Amino acid sequence: MFISQRAKRIAPSPTLAASAKAKQMQAEGIDVVNFGAGEPDFDTPQHIKDAAIKSLLSGFTKYTPTSGTPDLKKAICAKLARDNGLEYEPSNVIVSLGAKHSIYNAVLATVEAGDEVIILSPYWVSYPEIVGLADAKPVYVETDESTGFTASVDQIREAVTPRTRMLILNSPSNPTGGVYDRKQIEQIAELAVEKGFYVLSDEIYEKIIYDGREHVSIASLGPEIRKLTITVNGFSKAYSMTGWRLGYAAAEKEIVAAMDAIQSHSASNMVSFTMPAAVAALEGPQDVVDNMVAEFDRRRRYVVDRLNSIEGISCATPGGAFYVFPNVSGLYGRSFGGKKIDGSAAFEEFALDEAKIALVAGHGFGADKYVRLSYATSMANIEKGLDRLEEAVKKLT
Ligand SMILES: *Cc1c(COP(=O)(O)O)cnc(C)c1O
């Protein structure tokens, strides 16, 4: 069967593969604690669901403009002004099938074959694949827990070449929870303006941030960097709406028009009757978000403490998102059931087989010394899962 080189280059999502295996074990009746989830464990707030139901019943079921309903684009502009200090008009905004789709369209609209895109590692698994689909080349800048998984501007400068077209920034980060502070973002903005590359700022976790940290939207730092920035956000994480598939991007009109053209021939508009629900999410009560973040924070502290108390594991405290990214390389070289743990994939297997907990190996995120655990699961599950991990690690030889 002929399959295109483009498709063959894509690695299947490691995060989805891990959760598929855990779900299969659960279906077989095995009690697996799932730390693999990349989505909040809360239900979508009722007032958001109600708005979709009302819209559907009223017959709002036809095509809309590709870039989204005027009402939703207006609500997004108000949100960007209120939360991010960004003054945009509706023609600067496009609504897409999740933030992932916005990132894909933004890269296709601005990155040429052969261009280089700087990706800060550990990275979200889809960035390199999306860059590859655009026939461009990912260039990685490595970070570790010693800097809270943030890159210095000097490191980024070293990675810049005449072919650099874009830097992808993701703060707070999936998988590390790393957060860039204002100073760092200012320095990155200066470098981008100096060298003239785009910044794709994936701000999907902006609301899930701890210890009074400030989320800084890089586009808000001045007119020059704003021209070069594509800000991406969505509803999945802040409003627990992963299945709704709603995200958006804001950028210069020319960029948004190019994204609109691409989207108009691939997906067209997003599901019409979900868009009034997205308006309700942005304009309705925000305490649902605050309550969720408070609960995540409680779990975050517990998970970090517990992991650090396990011999051979060290876990930095993440500043945002709902993941921890512990370094488990202190356990590499030890064995279970005759099998040696020689990397993060083997650790993932060990955790699932011996501790019956699902977590995600770091190698898919570009960091083989680490694994990712999501604490978007109940406190009872977290306690049970970490008890099991602690016991299983003790049995390693
Ligand atoms: C979840 C996630 C997204 C995608 O969100 P959707 O809106 O559901 O497509 C984008 N970026 C990162 C870093 C994520 O973790």
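The values are calculated or read from the model by the stated rules, or taken from the named source; none is laboratory data. All of these numbers come straight from a predicted model, not from anything done at the bench. When we count neighbours, we look across all protein chains shown, and the Cβ atoms used for this are built from the backbone with ideal geometry, even at glycine. All accessible areas refer to the heavy atoms of the entire protein, side chains included, with ligands and DNA or RNA removed. Shrake-Rupley method; radii C 1.70, N 1.55, O 1.52, S 1.80 Å.
Points to keep in mind about this one:
- The single residue among Asp368, Asp342, Asp353 that is among the charged types (D, E, K, R), assigned to a loop (DSSP other than H, G, I, E, B) and farther than 20 Å from Tyr123 by Cβ turns out to be Asp342.
- Ala219 more than 16 Å from the ligand (Cβ to nearest atom), in the same structural domain as Ser201 (by TED's automatic domain parsing) and open to solvent by less than 10 Å² (accessible area, probe 1.4 Å): yes
- Qualifying residue in the range 254-267 (condition: at positive phi and either more than 14 Å from the ligand (Cβ to nearest atom) or within 22 Å of the chain's Cα centre (by Cα) (or both)): no
- Counting only helices (runs of 4 or more DSSP H) that sit wholly inside the range 1-119, those with at least 3 residues that are in contact (Cβ under 8 Å) with a residue 40 or more places away in the chain and within 16 Å of the ligand (Cβ to nearest atom) are 14-27, 70-84, 98-110.
- In the range 34-48 there is at least one residue matching the filter, namely being farther than 24 Å from Ala250 by Cβ and open to solvent by less than 20 Å² (accessible area, probe 1.4 Å).
- Unique residue being out of contact with any helix residue (DSSP H, G or I) (no Cβ under 6 Å at 6 or more places or on another chain), within 28 Å of Ala27 (Cβ to Cβ), small (Gly, Ala, Ser) and buried (at least 19 other Cβ atoms within 10 Å of the Cβ) when the list is Ala380, Ala376, Ala367: Ala376
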